[in-house]
Amino acid sequence: REISEAYKLITSDPAVEQTIQQLGARAALRYDFAPRRGDYDKALVSAYLEADFASGDGDPNVRTPLTQFVFSEDANVGLLMFEHVLAFQSARGAAAGVEVLRRLGAKSFPSEAVNTRGSFTNAFAIFPQVDVRPTEDLLLRGGVLMAWAHEPLIDPVASLQARDGLSIDDDLVNFVGGKPGTYYGTELDLRVQYRFVEHFIADVEGALLFPGDAFQDENGSAVRSGLLQGRTTFFF
């Protein structure tokens, strides 16, 4: 009920108790090719096929059920698409939504939950990956992440503000003002990991995103983006 109590200030719809109907799932298959090489018997090549699903919500009206499922923030899927691009766009939309509700005198700000904080949500993704270990201390990993929105990606507050009748279908917009799309894009991931001095691991990771229509603005444009990051881990 809290969401409809706040959003009724935008739409003038009566507050109702919305039902929650959400679904999330993850499945993974793995195959190891592990010929014994002396005392080192770890897999030389490991192939993974990961599939993830989180239901979405393409109708922000308060008279409809709440159907968007959000993975835990540390259940990462890929490096860039959900962790950074969707996280940035949704955070900006959430901040704008909070300001709208604040000016209207809302007592709570459910639009804060629009911010995904890098979580996997409203998507079906296929993520094949391959690990190669040329030596005991070196790991090379490559993957291709392809993701589709379960429901067209929308900015709920901006869409409610644009609603000019009982139907909202023709008023929906995404987080950059474009028409809602259903393909997030294709992400290429690469990781190089090296273990040294027994207790240290150095990682370098990179990603390149070819965005789909879910990230396109009103002009049909979306910026290709890349990521490069490194870290060192000490373990004991």
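The values are calculated or read from the model by the stated rules, or taken from the named source; none is laboratory data. Fair warning: this is a prediction, and the values are worked out from it, not measured in the lab. Reconstructed Cβ throughout: ideal geometry from the backbone, glycine too, with neighbour counts over all protein chains shown. Protein only, heavy atoms only, side chains kept; ligands, DNA and RNA dropped before computing areas. Shrake-Rupley method; radii C 1.70, N 1.55, O 1.52, S 1.80 Å.
Test Leu101 against the criterion of being open to solvent by 60 Å² or more (accessible area, probe 1.4 Å), of a type in the set (A, V, I, L, M, F, W, C) and outside any strand (DSSP E or B), and give yes or no. Write out each step before concluding.
On the way: open to solvent by 60 Å² or more (accessible area, probe 1.4 Å): no; of a type in the set (A, V, I, L, M, F, W, C): yes; outside any strand (DSSP E or B): yes.
It is false that Leu101 is open to solvent by 60 Å² or more (accessible area, probe 1.4 Å), of a type in the set (A, V, I, L, M, F, W, C) and outside any strand (DSSP E or B).
Within the stretch 176-199, restricting attention to residues that are small (Gly, Ala, Ser) and farther than 22 Å from Val130 by Cα, which residue is nearest to the chain's Cα centre (by Cα)?
Gly181
In the set Leu29, Leu49, Leu9, which member is without any contact (Cβ under 8 Å) to a residue 40 or more places away in the chain, out of contact with any Ser or Thr (no Cβ under 6 Å at 6 or more places or on another chain) and either farther than 19 Å from Pro152 by Cβ or of a type outside the set (Gly, Ala, Ser) (or both)? Please lay out each step first, then the result.
Numbers: Leu49 fails: without any contact (Cβ under 8 Å) to a residue 40 or more places away in the chain; Leu9 fails: without any contact (Cβ under 8 Å) to a residue 40 or more places away in the chain.
None of the other options fit; the residue is Leu29.
Within the stretch 142-182, restricting attention to residues that are touching a residue at least 24 places away in the same chain (Cβ under 8 Å) and open to solvent by 60 Å² or more (accessible area, probe 1.4 Å), which residue is nearest to Leu49 (Cα to Cα)?
Here the answer is Trp148.
With under 30 Å from Arg103 (Cβ atoms) and either acidic (Asp, Glu) or assigned to a loop (DSSP other than H, G, I, E, B) (or both) as the only criterion, which of Glu50, Glu5 stands out?
Working: Glu50 fails: under 30 Å from Arg103 (Cβ atoms).
Sole residue among the options that is under 30 Å from Arg103 (Cβ atoms) and either acidic (Asp, Glu) or assigned to a loop (DSSP other than H, G, I, E, B) (or both): Glu5.
Considering only residues that are over 20 Å from Ser55 (Cα atoms) and surrounded by 11 or more Cβ atoms within 10 Å (Cβ to Cβ), which ones fall in the stretch 13-25?
Selection gives Asp13, Ala15, Val16.
Write out, first by first residue and then by second, each pair whose Cβ atoms fall under 6 Å of each other, whose residues are 6+ apart or on separate chains, and whose first residue, in the stretch 196-209, is over 14 Å from Leu140 (Cα atoms) and at pLDDT below 95 while the second is assigned to a strand (DSSP E or B) and open to solvent by less than 70 Å² (accessible area, probe 1.4 Å).
Matching pairs, first to second residue: none at all.
One residue is enough: does the stretch 193-210 have a residue meeting the conditions out of contact with any helix residue (DSSP H, G or I) (no Cβ under 8 Å at 6 or more places or on another chain), part of a loop (DSSP other than H, G, I, E, B) and surrounded by 19 or more Cβ atoms within 10 Å (Cβ to Cβ)?
No - not one qualifying residue is present in the stretch 193-210.
Here is a yes/no grid of residues against (1) part of a loop (DSSP other than H, G, I, E, B); (2) open to solvent by less than 20 Å² (accessible area, probe 1.4 Å); (3) in contact with a Cys (Cβ under 9 Å, 6 or more places away or on another chain); (4) under 30 Å from Leu160 (Cβ atoms):
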site	(1), (2), (3), (4)
Ala27	no, no, no, no
Asp32	no, no, no, no
Gly56	yes, yes, no, yes
Gln68	yes, no, no, yes
Glu73	yes, no, no, yes
Leu79	yes, no, no, no
Phe82	no, yes, no, yes
Val85	no, no, no, yes
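Which numbered condition in (1) under 19 Å from Thr67 (Cβ atoms); (2) in contact (Cβ under 8 Å) with a residue 60 or more places away in the chain; (3) over 18 Å from the mean Cα position of the chain (by Cα) is the only one that Asp131 fails?
(1)
Within the stretch 97-122, can you find the residues that are of a type in the set (Asp, Glu) and either touching a strand residue (DSSP E or B) at 6+ places or on another chain (Cβ under 6 Å) or more than 16 Å from Ile3 (Cβ to Cβ) (or both)?
Looking only at the stretch 97-122, we keep the residues that are of a type in the set (Asp, Glu), and these are 99, 112.
The one that is of a type in the set (Asp, Glu) and either touching a strand residue (DSSP E or B) at 6+ places or on another chain (Cβ under 6 Å) or more than 16 Å from Ile3 (Cβ to Cβ) (or both): Glu99.
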